[in-house]
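Heads up: the structure comes next, in structure tokens.
What follows is calculated from the coordinates using simple rules that are stated; it is not laboratory data. Note that the structure is a prediction, hence the values are computed from the model and not measured. Cβ coordinates were reconstructed from backbone atoms using ideal geometry, including for glycine residues, and neighbour counts include every protein chain displayed.
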Amino acid sequence: MNNLLFIGNLGTGEIIIIAIIVLLLFGGKKIPELMKGIGKGVRNFKDGVKGLEDDIKIDDTDKK
């Protein structure tokens, strides 16, 4: 299973090459917009999970 998650085997050189490829594909202006969109998505996901956890806790207290 650990072989599937190869991220731990990446060295500095590989990370630099990947960063250069991403920079060439998206350009310098698109990367901040991309990261902002990813950040908003992660924030919305966390808020949704927290909301579900709160709903579950409320349901558990109502049943007791």
Can you work out the Karplus-derived ³J(HN,Hα) for every residue in the range 18-32? Use 6.51 cos²θ - 1.76 cosθ + 1.60 with θ = phi - 60°, whole Hz, and x for glycine or proline. 4, 4, 5, 5, 4, 4, 5, 6, 9, x, x, 7, 7, 5, x
Just to confirm a number: summing +1 for Lys and Arg and -1 for Asp and Glu over residues other than Met35 whose beta-carbon lies under 13 angstrom from that of Met35, what do you get? +4
HN-Hα J couplings of the range 53-58 from phi, Karplus 6.51/-1.76/1.60, θ = phi - 60°, integer Hz, Gly and Pro as x? 4, 5, 4, 5, 5, 5
Spelling out what I want: for every residue of the range 36-42, take phi, set θ = phi - 60°, compute 6.51 cos²θ - 1.76 cosθ + 1.60 (Karplus), and round to whole Hz; glycine and proline get x. 5, x, 5, x, 5, x, 5
